[in-house]
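Computed from the coordinates by the stated procedures, all read-outs in this text should not be read as laboratory data. Here the structure is a predicted model, which is why all the values come from computation and not from measurement. Cβ coordinates were reconstructed from backbone atoms using ideal geometry, including for glycine residues, and neighbour counts include every protein chain displayed.
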Amino acid sequence: SIRTIQNDLTCLECDFHAPIKKVQEGHKIIVSYSKPFELNLGSELDDEGYKALGNALYTLENYKEIPQYAWVYSCLEQICLNRFMDDNSPIIMFDHNSLYENTEYISKLAEAIQKKQPLRITYKPFTQRLKTGEYVEPERQEYKIYPYLIKEYNKRWFLIAHEERSEHPITNFALDRIKNIEPYCKKYIECEIDLNDYFKNIIGVSVFP
């Protein structure tokens, strides 16, 4: 609303001392900076504030592949770098696999979970080792699934979902093995279990009997 914009401009002028310039042209008011201005949000933070930012940055590391959250991670990262780094030498290195495949699916899968959209995926299972010691490369398979959760473990992403033909309530699919994703026109099946409770006492994505 107009009132919101006016309040934001007042905040920039009073709290951040931004050089705001207003010029009226007919019935319009043009608002801009009167001179180059850099908003430094990190200049007045104390050590506790930077500690909190560091914790937030560590948490958001797992979300930076999702387009909706990438800008937040980038802003926090820049603030921390301005505070702790005088040159380009890193002092913190996160355990992140930049070569991991199919991270572009994260946003699409997150949207499907939010909208409760069943999916049809093409999936290539992991290479299997036979009792003879030989390795077999499985063929691609098609699954009709109801997505519930995206989970990261050991630098890999997994989709937790119910597979239509499975007797188990949930199955996990590694994102780097998914080859294609399409909508599946079927009524969504809700998750039968509490996923928070399910993963509370396990490490990883699978529960073994």
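Extension gain for the segment E167 to S32, taken as residue separation times 0.36 nm less the Cα-Cα distance, is 42.4 nm to one decimal. A simple spin-label model places pseudo-atoms 7 Å from Cα toward Cβ; at Y188 and T4 they are separated by 2.6 nm. As a length-normalised measure over Cα pairs under 8 Å and 6 or more apart, the relative contact order of the range 151-191 settles at 30 percent.
Compared with the direct C-alpha span, the chain from F16 to F126 gains 34.2 nm at full extension, assuming 0.36 nm per residue.
Positive contributions from Lys and Arg (+1) and negative ones from Asp and Glu (-1), summed over other residues with Cβ under 10 Å from the Cβ of Y188, come out at +3. When the listed pairs K131/K155; K131/K179; K155/K200 are checked against a 22 Å cut-off, the alpha-carbon distance exceeds it for K131/K155; K131/K179.
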